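Participant: Right, I'll just put the structure down here and ask away after.
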Amino acid sequence: MAINKAMRMALRALSYSDLDLKKTYKLQRQLKTAAHPVIKPLYEMWDHKVSIGDYDIPVRIFLPSVQSDLKKVLLFFHGGGWVVGNIDTYTNVCANMAKQTEHIVVSVDYRLAPEYKFPTAVEDCYAVTKEIFSNATLLGVCPEDITLIGDSAGGNLAAVVSLMARDRGEFLPSRQILLYPSADSDHSETSPYPSLIENGTDFLLTTRRINDYIDLYISGEEDLKNPYMAPILAEDLSRQPKTLIITAQYDPLRDEAEAYGKKLYEFGNDVQVYRMKDALHGFITLPKHFVHVKRSYELINRFLNA
């Protein structure tokens, strides 16, 4: 559905009412949770924990409605700017993901900033991924049948976990799906990405909010140059998973995500990049009947089954 004049005006009004994220992130967490009620009878799930040091990372596991002897897994990292969101706010998204893809979906409840700064979220996601890859008895799957997937900040975390996996040599994902991911740390007026200017004020996710998220996430200015925070800054992007990147036309993060796909390709990786027409950032969280959600799963299933 195209964005008409009336819808543009409504989006502009909602965007201009942007609250100060640094002062209201706790309230926005509560509002986000309240806005996503969990409808448990519609899916089969169970909760698990993965230990990292003295902390147990909650994960939620969703079983597909169609059972198969050939088990495959989508390891999901949620969005929310590393600051808001949790496995409850994404439970209905993940339930639909399991149904649409016929994959087991494992949703990771990594710790949030600013209480837990970079690289806590990355290390939590890495620890769960390592556990899933190394403990085949947990879900009964082969490593080559595990795909990393995330949206927005979660797409960033999926890309970073893949980089870490190559660098640390403990496992190596074969596929990753990055939905409108954050890939860079530069969202200033001198940024090389036109979409930050074109889409940075009137389409719900504003450039101001992106910068607030990053300020809450990082431990210090030096993190802005760390490829584990901004994966496009990695000097070497070789030996990365087969990658599907889906961006949104009216997303300020659109161009950096597409630039990341281009850089992955330049380093010899198998990459597909698709720009979702007329879409806003965060569209995968819309109800399952929306055209952008349906089209996304067509692309995702084609990628998974290739």
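The values are calculated or read from the model by the stated rules, or taken from the named source; none is laboratory data. Quick caveat: nothing in here was measured; it's all calculated off a predicted structure. Glycine gets a Cβ as well: all are built from the backbone with ideal geometry, and neighbour counts include every protein chain shown.
Participant: Among the candidates V59, V83, V93, which residue alone is in a helix (DSSP H, G or I), touching an Asp or Glu at 6+ places or on another chain (Cβ under 9 Å), at pLDDT 90 or above and among the aliphatic types (A, V, I, L, M)?
Facilitator: Criteria check complete, one pass: V93.
Participant: Return yes or no: is D69 at pLDDT below 95, farther than 25 Å from V293 by Cβ and part of a loop (DSSP other than H, G, I, E, B)?
Facilitator: Yes: the conditions hold for D69.
Participant: Then there is this: Would a scan of the stretch 127-137 turn up a residue that is of a type in the set (D, E) and in contact with a helix residue (DSSP H, G or I) (Cβ under 6 Å, 6 or more places away or on another chain)?
Facilitator: Step one: of the stretch 127-137, the residues of a type in the set (D, E) are 131.
Filter again for in contact with a helix residue (DSSP H, G or I) (Cβ under 6 Å, 6 or more places away or on another chain), leaving none.
No, there is no match, as no residue in the stretch 127-137 is of a type in the set (D, E) and in contact with a helix residue (DSSP H, G or I) (Cβ under 6 Å, 6 or more places away or on another chain).
Participant: Let me ask something else about it. Looking at K117, K99, K71, K130, can you tell me which residue is touching a residue at least 12 places away in the same chain (Cβ under 8 Å), among the charged types (D, E, K, R) and in contact with a Leu (Cβ under 7 Å, 6 or more places away or on another chain)? If you could, list the steps in order and put the result at the bottom.
Facilitator: Details: K117 fails: in contact with a Leu (Cβ under 7 Å, 6 or more places away or on another chain); K99 fails: in contact with a Leu (Cβ under 7 Å, 6 or more places away or on another chain); K130 fails: in contact with a Leu (Cβ under 7 Å, 6 or more places away or on another chain).
Criteria check complete, one pass: K71.
Participant: Residues being crowded, with 21+ Cβ neighbours inside 10 Å, under 14 Å from D184 (Cβ atoms) and not polar (S, T, N, Q): count how many of those fall in the stretch 219-264.
Facilitator: Looking only at that region, the number is 18.
Participant: Take T207 and decide whether it is within 19 Å of the chain's Cα centre (by Cα), free of Cβ contacts under 8 Å to residues at least 60 places away in the same chain and within 21 Å of G85 (Cα to Cα).
Facilitator: yes
Participant: Same structure, new question: In the stretch 221-266, what residues are part of a loop (DSSP other than H, G, I, E, B) and either in contact with a strand residue (DSSP E or B) (Cβ under 7 Å, 6 or more places away or on another chain) or on the phi > 0 side of the Ramachandran plot (or both)?
Facilitator: Taking the stretch 221-266 as the starting set, the residues that turn out to be part of a loop (DSSP other than H, G, I, E, B) are 226-230, 234-241, 251-253.
Within the stretch 221-266, R239, P241, D251 qualify.
Participant: Can you name the residue in the stretch 184-197 that is at pLDDT 95 or above and in a helix (DSSP H, G or I) and, of all such residues, is surrounded by the fewest Cβ atoms within 10 Å (Cβ to Cβ)?
Facilitator: Checked the stretch 184-197; the qualifying residue surrounded by the fewest Cβ atoms within 10 Å (Cβ to Cβ) is P194.
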